[in-house]
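Here the structure comes first, spelled out in structure tokens, and everything after it is commentary.
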Amino acid sequence: MIDFDYTVKRSRRRTVVISVCCGEVVVKVPVQMTDATVERFLESKRTWVIKKLAQQAEVSFESVRAGKTLLDGGEEKQVVFGAPRDTEEDNVFYLKEERRVRRYFEKTRGWMLTEMLNMWAKKVGVDAADVRICDFKARWGSCDAARCIKLNWRLTMLPPRLRDYVLIHELCHLTEMNHSAAFWKLVQKHCADFADCRKDLKKYSFLTLLYR
């Protein structure tokens with residue numbers, strides 16, 4: 001199954017060439033090649049294409065690392081520092097300085113983490129004694145024996161599916177305070193693609209080192 005967009009360019013050529021550039025997949029094929037044949041060829045190269053797209057997605061974070069953009073729900077948005085006040089307009093952040101990123105995101109988006117955690121808590125069938133938004137240096141969340149769940153404010157920067165995985169992960173610790181087989185079985189019950197989420201989450205680990 002082909003699960004990525006692509007563009008087909010036909011010409012008087014004899015070979016088939018796939019190029020992946022700036023997140024765009026282009027397939028150059030002979031004029032007479034049918035769409036079905038093109039699809040079969042792409043399917044045979046699916047793993048390679050997906051790997052290239054993932055690598056380029058990581059490279060796109062260069063502007064985030066450089067302080068030119070901010071991630072908001074997984075989407076990159078331009079940021080302008082040196083503004084007279086912290087605000088956002090037309091998908092552009094205007095902030096006084098980089099150190100204000102945390103304060104602004106906690107103020108405008110922190111409530112979403114608590115709201116989404118409570119929603120998932122009902123689905124998982126558990127209740128946390130307390131929920132706190134924190135500034136972890138190397139983790140996305142935690143759950144302690146006192147049933148207090150702490151969440152990294154940068155979760156608001158992640159794609160929703162990865163944010164939800166972290167919330168589900170911490171909520172499941174209220175039932176299984178470990179990473180046993182029983183724990184992962186419970187996580188899978190509420191997040192079927194948890195293994196992929198764990199892998200994809202690593203691509204965003206650099207965020208925990210920013211905005212301090």
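To the nearest µm²/s, what D does Stokes-Einstein give for the stretch 7-59 at 25 °C and 0.890 mPa s, using the Kirkwood radius over alpha carbon pairs as Rh? It would help to have the intermediate numbers written out before the result.
On the way: Rh = 11.6 Å.
Translational diffusion coefficient: 212 µm²/s.
Considering only His169, Ala181, Val126, whose Cα is most displaced toward the positive end of the charge dipole of the stretch 99-209, charges sitting on Cβ of Lys, Arg (+1) and Asp, Glu (-1)?
Comparing the listed Cα positions along the dipole, His169 ranks first.
Along the charge dipole of the stretch 3-98, pointing to its positive end and built from +1/-1 on Cβ of Lys, Arg, Asp and Glu, which listed residue (Ala66, Leu42, Leu53) has its Cα farthest out?
Of the candidates, Leu42 comes out farthest on the positive side.
Report Rg/Rh for the stretch 1-117, rounded to two decimals, where Rg is the Cα radius of gyration and Rh the Kirkwood radius. The partial results should precede the final answer.
Details: Rg = 20.8 Å, Rh = 17.5 Å.
Reported Rg/Rh (Cα atoms, Kirkwood Rh): 1.19.
With the convex hull built on the Cα atoms of the stretch 158-203, state its orientation-averaged projected area in nm². All intermediate terms of the calculation are to be shown ahead of the outcome.
Values: hull surface 11.8 nm².
Taking a quarter of the hull surface, the average projection is 2.9 nm².
Return the long-range amide H neighbours of Ala83 (sequence gap of 5 or more, or a different chain), with a cut-off of under 5 Å between placed amide H atoms.
So Ala83 has HN proximity to Leu95, Lys96.
With +1 on each Lys and Arg Cβ and -1 on each Asp and Glu Cβ, and nothing else charged, work out how big the dipole of the stretch 7-59 is about its Cα centre, in Debye to the nearest 20.
Numbers: 11 positive and 5 negative charges, 69 e Å.
So the dipole magnitude of the stretch 7-59 works out to roughly 340 debye.
Which ³J(HN,Hα) values, rounded to whole Hz and listed in residue order, are derived for the stretch 128-144 from phi using the Karplus coefficients 6.51, -1.76 and 1.60 in 6.51 cos²θ - 1.76 cosθ + 1.60 with θ = phi - 60°, glycine and proline given as x?
8, 6, 7, 10, 10, 9, 10, 10, 5, 8, 8, 8, 9, x, 7, 9, 10
As a test of the definition: which semi-axes, in Å, follow for the chain when you take the square root of five times each eigenvalue of its alpha carbon gyration tensor? Largest first, please. Display every interim value, and only then the final one.
Working: eigenvalues 291, 131, 31 Å².
Equivalent ellipsoid semi-axes, largest first: 38, 26, 12 Å.
For the chain, give the magnitude of the charge dipole about the Cα centre (Cβ charges: +1 Lys/Arg, -1 Asp/Glu; no others), in debye to the nearest 20. All intermediate terms of the calculation are to be shown ahead of the outcome.
Values: 39 positive and 29 negative charges, 146 e Å.
It works out to roughly 700 debye.
For an R0 of 35 angstrom, estimate the FRET efficiency from the Cβ-Cβ distance between Lys9 and Asp193 and round to the nearest 0.05. Mind showing how you got there, number by number?
Details: r = 33 Å, r/R0 = 0.95.
Plugging the Cβ-Cβ distance into 1/(1 + (r/R0)^6) gives 0.55.
Per-residue HN-Hα couplings for the stretch 155-171, Karplus 6.51 cos²θ - 1.76 cosθ + 1.60 at θ = phi - 60°, whole Hz, x for Gly and Pro?
With the stated coefficients, the stretch 155-171 comes to 4, 5, 8, 7, x, x, 5, 6, 4, 5, 4, 5, 4, 5, 4, 5, 5 Hz.
If you take every DSSP beta bridge fully contained in the chain, what fraction is antiparallel? Give it as a percent rounded to 5.
Values: 15 of 29 bridges.
Once the DSSP bridges in the chain are tallied, antiparallel ones form about 50 percent.
Values in this text are rule-based calculations from the coordinates and carry no lab data. For clarity, every value in this text was computed on a predicted model and none was experimentally measured. Heads up, the Cβs are rebuilt from the backbone with ideal geometry, glycines too, and the neighbour counts pull from every protein chain shown.
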